[in-house]
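Just so it is clear, none of the values below were taken in a lab; they were calculated from the coordinates. Just so it is clear, the model here is predicted, and its values are computed rather than measured. FYI the Cβ positions are ideal-geometry reconstructions off the backbone, even for glycines, and counts take in every protein chain you see.
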């Protein structure tokens, strides 16, 4: 149990602190996994959104899907474009919002990152109860949904 000034934190506070800490650890580990293939975890995240989508996406769609700001995704897409990892194409539904899709080069780099990630993820899951993992996923999804609802209420 985490404590602040000698007082135990409520469970949700402890969860938030642990998610922040886990996020940092995952970003650090992910960075070490892909550093030598020329991408960052943030690039990998955006490339993943594109690779997993059956259709090209706009920058705002990527941002929404990944819980990121449009501005940060735009900066990453610009860098990925400079490296030849993504391509832009005309969007028949919007004149200015181009569609972003993975290039063959980007798809190759993304696949290399994914091949490295699988054994790393498997090592992280060793000794963990699969049912407990599913419970953790369900709890994190529920908190994510509440955050999205709060964000929507603030934006309305």
**Report entry** Matching entry among 73, 100, 77 (being part of a helix (DSSP H, G or I), under 25 Å from residue 148 (Cβ atoms), touching a residue at least 12 places away in the same chain (Cβ under 8 Å) and touching a strand residue (DSSP E or B) at 6+ places or on another chain (Cβ under 7 Å))
**Finding:** 77
Report task. Report whether or not residue 115 is part of a strand (DSSP E or B) and free of Cβ contacts under 8 Å to residues at least 40 places away in the same chain. Result -> no
Query raised in the report: Does residue 48 satisfy the condition of being loosely packed, with under 15 Cβ neighbours inside 10 Å, in contact (Cβ under 8 Å) with a residue 12 or more places away in the chain and out of contact with any strand residue (DSSP E or B) (no Cβ under 9 Å at 6 or more places or on another chain)?
Result: no
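What number of residues in the stretch 99-124 are touching a helix residue (DSSP H, G or I) at 6+ places or on another chain (Cβ under 7 Å) and over 21 Å from residue 50 (Cα atoms)?
1
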Requested in this report: Please work out if residue 118 is within 17 Å of the chain's Cα centre (by Cα) and exposed (fewer than 14 other Cβ atoms within 10 Å of the Cβ).
Outcome: yes
